[in-house]
Amino acid sequence: MIATSMAVIQHVCSAPLARVMLPRSLVFSRSRGLSILSATRASHAVSQQVLLGMSEHELQQLALEFGQQSYRGKQLHHLIYKRKVKEIEDFSHSFRNDLQEAGWKVGRSPIYHTVTAADGTVKLLIKLEDNRLIETVGIPVEDDKGSMRLTACVSSQVGCPLRCSFCATGKGGFSRNLKRHEIIEQVLAIEELFKNRVTNVVFMGMGEPMLNLNSVLEAHRCLNKDVQIGQRMITISTVGVPNTIRKLASHKLQSTLAVSLHAPNQKLREAIVPSAKSYPLDAIMKDCRDYFLDTSRRVSFEYALLAGVNDTTEHAVELAQLLHEWGRGNHVNLIPFNPIEGSEYQRPHRKAVAAFAAALESRKITVSVRQTRGLDASAACGQLRNKFQKNPLLAESENLQSQADVAVAC
């Protein structure tokens with residue numbers, strides 16, 4: 001999808017705790033706490049046992065299930081979210097042995113490669129358990145008083161199936177949805193790298209968040225409650241997936257919804273965003289209006305400016321008319337196109353961007369122009385792509401060559 005700006009979401013897992021905690025192939029015994037009934041079934045189930053993403057209450061329940069006192073769950077919560085311990089063997093109490101025997105893991109992945117831009121923006125490539133790579137971006141901004149705002153731009157899928165014409169991620173193919181811990185760990189990795197707390201999270205990295213809404217909601221709950229990032233500091237973006245905006249509205253979140261519009265009419269939008277054919281502009285605008293009415297949270301409309309395609313003042317006037325037709329509480333975030341390999345689109349001149357913004361403002365539309373960050377590291381909006389999002393990395397023995405490939409692909 002795309003990349004960079006503000007705030008989104010809260011949801012508590014509804015699955016019964018016993019199903020979340022224990023694979024079917026594991027049963028309790030008084031002597032050992034757990035015994036494995038079927039090695040084959042257990043090995044499959046064990047891969048699902050991840051601590052990262054669990055709430056303090058769930059971790060306390062897990063401790064009780066293992067015959068431990070509930071305070072051990074609080075200790076687990078502190079180790080995972082405060083100390084950011086990555087491996088169970090690094091836990092400081094004997095409970096770790098029971099967890100390891102039962103196949104539990106923290107759920108943190110190694111950083112495979114980093115690229116740092118001249119402006120301090122850092123793109124991280126994280127190597128997942130199946131040897132696929134995802135990209136996440138840390139964007140530091142220091143204010144006049146010297147305090148830092150650190151934004152984590154996180155991915156929700158490995159690649160993206162929607163193939164927006166201006167976006168690099170879709171051109172690289174699609175593999176799968178990310179699990180909740182694979183989303184959460186991106187934020188923790190950025191905090192570790194910058195040695196600072198992440199203040200803002202934007203679901204604007206690789207993928208379409210609304211196509212993985214359950215995991216996004218679960219990750220949001222954890223980021224808000226466990227990592228302690230305010231809901232208003234989280235943004236989820238979408239190019240538009242039928243029925244999902246209404247579903248998101250039902251959660252009554254205090255986070256920001258950012259809709260990638262990119263055109264003021266249906267015909268032009270279909271040319272830029274192929275998936276628009278299945279979700280007409282009027283239907284999106286109706287859902288956005290209802291979202292505002294249901295949540296009292298204004299919708300932010302993302303608009304990638306493509307030179308000679310959608311960046312004229314006439315387009316701006318048409319966009320203002322569209323927004324006024326469908327209600328109030330709107331904000332437009334203009335994003336000058338960031339170059340990607342294999343694209344014929346061009347970045348508009350500054351004068352064209354300024355004229356577009358002025359045309360919106362003169363028609364009482366709140367507008368901002370996104371500052372381009374991380375351009376020289378291919379970490380800017382629309383630039384996230386790597387050749388291993390579709391096909392896994394090769395064997396570890398070929399690691400050096402793979403790193404060279406990554407450097408080229410990024």
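A few points about this structure:
- Matching residues in the stretch 146-184 - criterion: being of a type in the set (D, E, K, R) and part of a helix (DSSP H, G or I): Lys171, Arg180, Glu182
- Filter result for Val154 (within 14 Å of the chain's Cα centre (by Cα) and within 18 Å of Lys195 (Cβ to Cβ)): no
- One residue stands out in the stretch 186-209 among those that are touching a strand residue (DSSP E or B) at 6+ places or on another chain (Cβ under 7 Å) and in a helix (DSSP H, G or I): the one that is most open to solvent (accessible area, probe 1.4 Å), namely Leu193.
- Members of the stretch 261-315 found to be closer than 19 Å to Ala359 by Cβ and either polar (S, T, N, Q) or under 22 Å from the mean Cα position of the chain (by Cα) (or both), listed by number: Leu261, His262, Asn265, Ser300, Phe301, Glu302, Tyr303, Ala304, Asn310, Thr312, Thr313
- Qualifying residues in the stretch 81-103 (those that are touching a Lys or Arg at 6+ places or on another chain (Cβ under 9 Å) and under 18 Å from Glu182 (Cα atoms)) - the one surrounded by the fewest Cβ atoms within 10 Å (Cβ to Cβ): Glu87
- Applying the condition of being part of a loop (DSSP other than H, G, I, E, B) and modelled with pLDDT under 90 to the stretch 126-145 and asking which residue is most open to solvent (accessible area, probe 1.4 Å) yields Lys145.
- If the condition is being in contact (Cβ under 8 Å) with a residue 60 or more places away in the chain and touching a Phe, Trp or Tyr at 6+ places or on another chain (Cβ under 7 Å), then the stretch 249-260 contributes only Leu257.
- Of residues in the stretch 258-293 being charged (D, E, K, R) and more than 23 Å from Val317 (Cβ to Cβ), the one most open to solvent (accessible area, probe 1.4 Å): Lys277
- Filter result (of a type in the set (D, E, K, R) and either within 23 Å of the chain's Cα centre (by Cα) or under 19 Å from Val369 (Cα atoms) (or both)) within the stretch 316-333: Glu318
- Whichever residue in the stretch 335-356 is without any contact (Cβ under 8 Å) to a residue 40 or more places away in the chain and in a helix (DSSP H, G or I) and, among such residues, is surrounded by the fewest Cβ atoms within 10 Å (Cβ to Cβ): Lys351
- Residues within the stretch 210-257 that are open to solvent by less than 40 Å² (accessible area, probe 1.4 Å), touching a strand residue (DSSP E or B) at 6+ places or on another chain (Cβ under 9 Å) and either farther than 30 Å from Glu56 by Cβ or not aliphatic (A, V, I, L, M) (or both), tallied: 15
- Filtered residues of the stretch 55-79 (kept if within 24 Å of the chain's Cα centre (by Cα) and touching a residue at least 40 places away in the same chain (Cβ under 8 Å)): Ser55, Glu56, Glu58, His77
- Filter pass, Phe301 being touching a strand residue (DSSP E or B) at 6+ places or on another chain (Cβ under 7 Å), assigned by the TED database to the domain that holds Cys167, surrounded by fewer than 20 Cβ atoms within 10 Å (Cβ to Cβ) and among the hydrophobic types (A, V, I, L, M, F, W, C): no
- Residue check: Gly327 meets all listed conditions (1) at pLDDT below 95; (2) in contact with a helix residue (DSSP H, G or I) (Cβ under 8 Å, 6 or more places away or on another chain); (3) under 20 Å from Ile236 (Cα atoms) but one, namely (3).
The values are calculated or read from the model by the stated rules, or taken from the named source; none is laboratory data. A quick note: this is a predicted structure, and the numbers were derived from the prediction, not measured. FYI the Cβ positions are ideal-geometry reconstructions off the backbone, even for glycines, and counts take in every protein chain you see. Just the protein is used for accessible areas: all its heavy atoms, side chains included, with ligands, DNA and RNA removed. Shrake-Rupley method; radii C 1.70, N 1.55, O 1.52, S 1.80 Å.
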